[in-house]
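Colleague: Could you have a look at this structure, given as structure tokens, before my questions?
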Amino acid sequence: MDKGRYALPLATVDRFVRAVHVTPMPRAPGIVLGAIDVQGHVLPVFNIRRRFGLPERAIDPADHFLIAHTARRTVVLVIDAAQGVFERPATAVTEAANIAPDVEHIRGVIQLDDGLVLIHDLEHFLSPDEARVLDEAMSQRISHAD
């Protein structure tokens, strides 16, 4: 995204797909752009630019969606591009608590030859209040679809 590089643990990533139209979700937290249908499943689309304080922009047809999962739900992240899979030993990760202990959605940082990569923790991407509001919005959306 922009000039920063972000990563997720590989075990949380399901797949990448081309960006599609996102349907707005009334009453969803501000971090949620809306929802998309992926093979019959309605999934929330997170606005990670908003979470990271990056300039907002419209979804471009060249963008991709990264579909990933947490213990509670499957989610979609809008990404500019996927740069591949990087395998590093756990000892190569600097724990976020050593750098920014108050930033719960960052798990750690890896130093590559050409810069840093922030590793995110999707389990803490939403605050407890945001998760509750999203659950309510998703259940309301599903009940309106019946």
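Colleague: Pick from HIS41, HIS69, HIS105: which is most flexible by mean-square fluctuation in a GNM of the chain where alpha carbon atoms under 10 Å apart are linked?
Modeller: HIS41
Colleague: Another question about this same structure. Across the stretch 64-74, in residue order, what do the Karplus-derived ³J(HN,Hα) couplings come to in whole Hz, using 6.51 cos²θ - 1.76 cosθ + 1.60 with θ = phi - 60° and x for Gly and Pro?
Modeller: So the J values, rounded to whole Hz, are 10, 10, 9, 9, 9, 9, 10, 5, 9, 7, 9.
Colleague: Looking at (i) 27, 17, 14; (ii) 29, 16, 14; (iii) 31, 17, 15, which value of semi-axes √(5λ) of the Cα gyration tensor in Å comes from a calculation on the structure shown?
Modeller: Only one option fits the structure, namely (i).
Colleague: Here's something else I'd like to know. Give me the 1.4 Å probe accessible area per residue for the stretch 1-141, excluding ligands and nucleic acids, in Å².
Modeller: Numbers: 8340 Å² over 141 residues.
Accessible area per residue: 59 Å².
Colleague: Tell me what the chain gives for mean residue ellipticity at 222 nm when only DSSP H runs of n ≥ 4 count, each as -39,500 (n - 2.57), the sum divided by the residue total, rounded to 500 deg cm²/dmol.
Modeller: Details: 2 runs with 23 residues, N = 146.
Roughly -5000 deg cm²/dmol at 222 nm, from the helical runs in the chain.
Colleague: Ignoring ligands, DNA and RNA, please state the percent of accessible area on the chain from carbon and sulfur, probe 1.4 Å.
Modeller: Carbon with sulfur: 54 percent of the solvent-accessible area.
Colleague: Under a point-charge model restricted to the Cβ atoms of Lys and Arg (+1) and Asp and Glu (-1), what is the dipole moment magnitude of the chain relative to its Cα centre, in debye to the nearest 20? List each step's numbers first, then the result.
Modeller: Numbers: 15 positive and 20 negative charges, 42 e Å.
The calculated dipole for the chain is roughly 200 debye.
Colleague: Going by a ≥ b ≥ c, the root eigenvalues of the Cα gyration tensor, does the stretch 1-82 fall in the rounded group (a/c under 1.5), the prolate group (a/b larger than b/c) or the oblate group? Display every interim value, and only then the final one.
Modeller: Details: a/c = 1.32, a/b = 1.08, b/c = 1.23.
Rounded, because the longest to shortest axis ratio a/c is under 1.5.
Colleague: If you restrict to DSSP beta bridges whose two residues both lie in the chain, what percentage is antiparallel, to the nearest 5?
Modeller: Working: 27 of 31 bridges.
Percent antiparallel among DSSP bridges in the chain is about 85.
Colleague: Compute the helix-to-body angle for 128-145: its Cα long axis versus the longest principal axis of the chain, expressed 0 to 90° and rounded to tens.
Modeller: 40
Colleague: Here's a follow-up. Name the long-range amide H neighbours of LEU8: under 5 Å, sequence gap of 5 or more, or other chain; modelled H, no Pro or chain starts.
Modeller: Close amide H contacts, sequence-distant or interchain: HIS120.
The values are calculated or read from the model by the stated rules, or taken from the named source; none is laboratory data. Everything quoted here is computed from the prediction, not taken from an experiment. So basically every Cβ, Gly included, is an ideal-geometry build from the backbone, and we count neighbours across all protein chains shown. These area figures cover heavy atoms from the full protein model, side chains too; ligands, DNA and RNA do not enter into them. Shrake-Rupley method; radii C 1.70, N 1.55, O 1.52, S 1.80 Å.
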